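Step one of this worksheet: look at the structure below.
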Amino acid sequence: MSVPAAVERVRESAGPEATIAHAPGSVELLGEACAATGGMLLATALPVSVAVALEENDADELVVIAARTGEETRLPMPDAVPPAYPAEVTAIAAAVVALQHTTHLIPRTGSGLTVRWASNIPAGRGLGELPALQSAVALAANARWGDRDDVPTRARLAAALHETSAAHYGGHWPLHPYTVALRSRPDSVLTCNHSDEAVTQTPRPDNLSLMVAYSPDITGASPQVERHEFFTEACSAFGVPTLSGLPEAQPRVLEWVRARREVQPDGDAPTVGRATQWLDDASGCSDRARAVSAHLRHGDAAAAMAGVSHDVTVRDTAPAADSPLGRVVASLDGHDAVARCCPAPGAAVVVWAHADDADDVEAAIRRDGGTVLRITDTDAGAVIDSPF
């Protein structure tokens with residue numbers, strides 16, 4: 001596999017003692033993204049990545065340098081995630097906090113760190129660019145100070161990065177982009193089971209083509225933070241890590257919602273109707289992800305696409321017809337393909353198509369002004385041998 005373009009960019013300015021690593025972007029394919037539900041989620045790595053070059057400095061500072069522009073940010077080595085910095089600087093600082101104070105991987109010796117980074121992941125499209133950046137930092141740090149690189153180690157790194165980031169960004173911040181960036185197998189779809197954190201990897205069938213498509217305009221909405229907070233609060237109220245561990249979860253959670261609204265009619269609890277919709281939606285979406293995962297294991301692209309199409313219809317996850325992205329999706333009319341919105345609705349879609357039709361589908365999207373990223377030649381992040 002060729003060296004990612006982002007790696008070449010950080011190499012240009014990295015010193016001979018730098019440790020270079022990269023990690024891929026990721027995208028949800030189908031399923032329940034909120035881990036608190038305990039449901040199933042399908043995701044995959046992308047053939048675009050973030051690269052970092054990490055080396056120590058004598059200034060006891062975290063120095064972050066954007067390789068593309070040369071922009072440099074300096075701050076004291078952080079004990080907590082600092083506010084009011086650019087998104088990439090904050091993400092790198094959060095990774096350093098997790099790796100130094102949670103996993104104790106980065107030594108606390110009084111020396112600082114210099115991190116150069118570069119990315120070719122499209123920003124703002126829900127494609128996991130910040131978790132990929134943090135994962136690349138973790139891989140570089142593990143190569144420099146760790147004693148092994150295996151699945152348990154990478155799982156611990158993913159959990160530590162997510163824990164620290166979720167505490168900073170909020171409970172809606174997902175775990176799966178870290179899992180994908182650190183643990184993907186070549187050209188595989190990951191089935192993440194939030195109930196026990198198990199990850200099953202299925203080779204992408206040869207008769208299925210996956211791609212990400214987006215318009216020149218970024219019109220994505222924010223994640224459903226209220227919904228994620230509701231599930232997290234429900235788990236906390238019943239003392240379970242996920243709702244899958246709560247017997248008869250739906251009636252018990254709905255009774256809890258009714259009681260909250262009786263005590264505080266004007267409180268922040270959702271209506272019973274909305275809570276029912278969220279619970280039904282999470283359960284149904286998780287079930288469809290499980291079914292589609294089975295179809296993928298059997299190489300049945302047609303059945304997998306039918307499951308995705310049903311999910312789009314039930315959950316209304318197609319973009320609005322009059323939106324920029326909706327006009328790109330309209331290009332698929334007449335083609336045997338299914339488009340589903342990425343996590344930031346309106347920013348991008350994942351297109352499922354039969355492999356024999358993929359070239360025609362891509363050409364149709366490009367004719368209508370869309371950009372297409374084929375999901376192929378994917379793998380987990382890795383450390384790159386120094387060229388010096």
Counting only residues that are in a strand (DSSP E or B) and open to solvent by 10 Å² or more (accessible area, probe 1.4 Å), which one in region 1-40 is farthest from Ala166 (Cα to Cα)? Thr19
Right, Ala321: hydrophobic (A, V, I, L, M, F, W, C), over 20 Å from Leu41 (Cβ atoms) and part of a loop (DSSP other than H, G, I, E, B) or not? yes
Which residues, counting only those in region 336-379, are among the β-branched types (Val, Ile, Thr) and either open to solvent by less than 50 Å² (accessible area, probe 1.4 Å) or outside any strand (DSSP E or B) (or both)? Val338, Val349, Val350, Val351, Val361, Ile365, Val372, Ile375, Thr376, Thr378
Could you check Ala167 against (1) part of a helix (DSSP H, G or I); (2) within 24 Å of Val10 (Cβ to Cβ) and say which number it fails? (2)
Cβ-Cβ under 7 Å, sequence separation 6+ or interchain: first residue in region 318-332 and within 15 Å of Thr371 (Cα to Cα) and open to solvent by 20 Å² or more (accessible area, probe 1.4 Å), partner at pLDDT 80 or above and assigned to a loop (DSSP other than H, G, I, E, B). Which pairs? Pro324/Ser215; Arg327/Asp368
Suppose we keep only residues that are open to solvent by 80 Å² or more (accessible area, probe 1.4 Å) and polar (S, T, N, Q) within region 258-300. Which one would you say is nearest to the chain's Cα centre (by Cα)? Gln277
Do we have Glu56 as surrounded by fewer than 24 Cβ atoms within 10 Å (Cβ to Cβ), part of a strand (DSSP E or B) and not small (Gly, Ala, Ser) here? yes
Considering only residues of region 171-193 that are touching a helix residue (DSSP H, G or I) at 6+ places or on another chain (Cβ under 8 Å) and open to solvent by 20 Å² or more (accessible area, probe 1.4 Å), which is modelled with the highest pLDDT? Arg183
Yes/no for Ala132 being of a type in the set (A, V, I, L, M), modelled with pLDDT of 95 or more and touching a Leu at 6+ places or on another chain (Cβ under 6 Å): no
Among the residues of region 144-161, the number that are over 10 Å from Arg183 (Cβ atoms), among the charged types (D, E, K, R) and part of a helix (DSSP H, G or I) is 2
Per the list (1) open to solvent by 20 Å² or more (accessible area, probe 1.4 Å); (2) touching a Pro at 6+ places or on another chain (Cβ under 8 Å); (3) at pLDDT below 90, residue check on Ser215 breaks on (1)
Any idea how many residues of region 171-209 are in contact (Cβ under 8 Å) with a residue 12 or more places away in the chain and part of a strand (DSSP E or B)? 13
Checked region 108-126 for anything out of contact with any helix residue (DSSP H, G or I) (no Cβ under 7 Å at 6 or more places or on another chain) and loosely packed, with under 13 Cβ neighbours inside 10 Å; matches are Thr109, Gly110
Inspect region 121-128 for any residue being farther than 21 Å from His172 by Cβ and aliphatic (A, V, I, L, M) and give the result as yes or no. no
Quick check on my filter: what residues within region 79-107 are surrounded by fewer than 18 Cβ atoms within 10 Å (Cβ to Cβ), touching a helix residue (DSSP H, G or I) at 6+ places or on another chain (Cβ under 9 Å) and not polar (S, T, N, Q)? Asp79, Ala80, Pro82, Pro83, Ala84, Tyr85, Ala87, His101, Pro107
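The values are calculated or read from the model by the stated rules, or taken from the named source; none is laboratory data. For clarity, every value in this text was computed on a predicted model and none was experimentally measured. Using ideal geometry, Cβ is built from the backbone for each residue, glycine included, and neighbour counts are taken over all protein chains shown. With ligands, DNA and RNA removed, areas are computed over all heavy atoms of the protein, side chains included. Shrake-Rupley method; radii C 1.70, N 1.55, O 1.52, S 1.80 Å.
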